[in-house]
Amino acid sequence: MKQQETILRWPLGQLFVAWGARQLILIATPLVLAAVFVLVACSAPQAPTGQSNTAQQPATDWKAVEQALGKAGSMQPGDVYKVSLPRSDLKVTVSGLELKPALALGSWVAFKKTDDMTMVMGDLVLTEDEVTPVLTKLQEGGVEQTALHNHVLHESPRVMYMHIHAMGDAVKIAQAIHDALALSKTPFTAAAPSTSPTPDLGIDTKQLDQALAQSGKLNGVIYQFSVPRAEKIMDNGMEVPASMGLATAINFQATGSGKAAITGDFVLIASEVNPVIKALRDNGIEVTALHSHMLTESPRLFFMHFWANDDAQKLAYGLRTALDKMNIVKAQGK
């Protein structure tokens, strides 16, 4: 018995020797090592060819939100799903000029997935008679109001802008917003895509880009700039992307003979407010509103709306002097 126990404690190669199988000494150890390597390899987690072991997070499916809200949106920087609801039903004039929806009548709602909830922000364009019914319905649906105010002056009919915020189930929030907007005349059908060639705006957009040191884009017949701030904007511990309404918006609508109407809003911290006011006024641009859009953001932001109708290049350089007073992201190559 002791002899057997001694044998069991021998290395495998020596055991073969004891059994009189010296010829196996040369192959026993390689076979054992090979078996060990096979077992180790089989026990390791295997990744599909061309993929790492790190699991890829699936993209959020916004189809249910689209169905609840009644209109499709598009993905924006920062994983934001944004739905535009322009008030193409309204005929609003300022000093005799009819505003295109993309200039100053663009309702929108933006969704941002965060953990197991969704943050929703938006800006709803409403007539005076629509404000109370829509606000009441939003409150019933758990959607909060963070601001209600004007953006332009001397418009006819009077238009108000209602900023909204919600956290929770994206589909339920979308349904609540739909039910509220159903009490207004906000169109939910998408405009038919234009088949006409790119319109001649009568203003040189390349020169506008150069003057503002930013890159604009054409939205129908409106030339638009979106200029994000350089610092992070936080709300209740969450970062809010610029695409959720926190970028300075500058819109140009050509009015003939090289002129354009401009409007939009500067997104400012407190120390920038009066330097920007001065820069705008020194360049013949009216300040039409100054207010908040949010409630708990950090740093605290102020939104300054503006208006002018003058030579487009002159206005662009005036707007640039205002942007130079701000902490903004500099456009690449500008």
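The values are calculated or read from the model by the stated rules, or taken from the named source; none is laboratory data. The model shown is predicted, which means the values in this text are computed figures rather than measured ones. All Cβ positions, even for glycine, are placed from backbone atoms using ideal geometry, and neighbour counts span all protein chains on display.
Does the stretch 269-280 contain at least one residue that is in a strand (DSSP E or B) and in contact (Cβ under 8 Å) with a residue 40 or more places away in the chain? No: zero hits. Of the set (1) surrounded by 13 or more Cβ atoms within 10 Å (Cβ to Cβ); (2) touching a strand residue (DSSP E or B) at 6+ places or on another chain (Cβ under 9 Å), all apply to Lys232 but (1).
It is to be established whether one or more residues within the stretch 265-278 are polar (S, T, N, Q) and buried (at least 18 other Cβ atoms within 10 Å of the Cβ). Looking through the stretch 265-278, none of the residues is polar (S, T, N, Q) and buried (at least 18 other Cβ atoms within 10 Å of the Cβ).
Looking across the stretch 67-77 at every residue that is assigned to a strand (DSSP E or B) and free of Cβ contacts under 8 Å to residues at least 60 places away in the same chain, the one that is surrounded by the fewest Cβ atoms within 10 Å (Cβ to Cβ) is identified as Ser74.
Among the residues of the stretch 87-135, the one identified as of a type in the set (Lys, Arg), in contact with a Gly (Cβ under 9 Å, 6 or more places away or on another chain) and either farther than 27 Å from Ala308 by Cα or in the same structural domain as Tyr223 (by TED's automatic domain parsing) (or both) is Lys112. Considering (1) surrounded by 22 or more Cβ atoms within 10 Å (Cβ to Cβ); (2) touching a helix residue (DSSP H, G or I) at 6+ places or on another chain (Cβ under 8 Å); (3) in a strand (DSSP E or B), the lone condition that Ser226 does not fulfil carries the number (1). In the set Gly245, Gly237, Gly220, Gly216, only one residue is outside the structural domain of Ala102 (by TED's automatic domain parsing), small (Gly, Ala, Ser) and in contact with a His (Cβ under 8 Å, 6 or more places away or on another chain); that residue is Gly245. Looking at this structure, is Ile203 touching a strand residue (DSSP E or B) at 6+ places or on another chain (Cβ under 6 Å), farther than 21 Å from Thr114 by Cα and not charged (D, E, K, R)? Against the criterion (touching a strand residue (DSSP E or B) at 6+ places or on another chain (Cβ under 6 Å), farther than 21 Å from Thr114 by Cα and not charged (D, E, K, R)), Ile203 qualifies. A single entry from Gly73, Gly78, Gly142 fulfils the requirement of being at negative phi, small (Gly, Ala, Ser) and either in contact with a strand residue (DSSP E or B) (Cβ under 9 Å, 6 or more places away or on another chain) or in the same structural domain as Leu290 (by TED's automatic domain parsing) (or both): Gly73. Within the set Ile203, Ile177, the sole residue that is touching a helix residue (DSSP H, G or I) at 6+ places or on another chain (Cβ under 9 Å) and part of a loop (DSSP other than H, G, I, E, B) turns out to be Ile203.
Of all the listed residues (Thr248, Thr263, Thr321), the sole one being in contact (Cβ under 8 Å) with a residue 12 or more places away in the chain, touching a Lys or Arg at 6+ places or on another chain (Cβ under 8 Å) and under 20 Å from Gln214 (Cα atoms) is Thr248.
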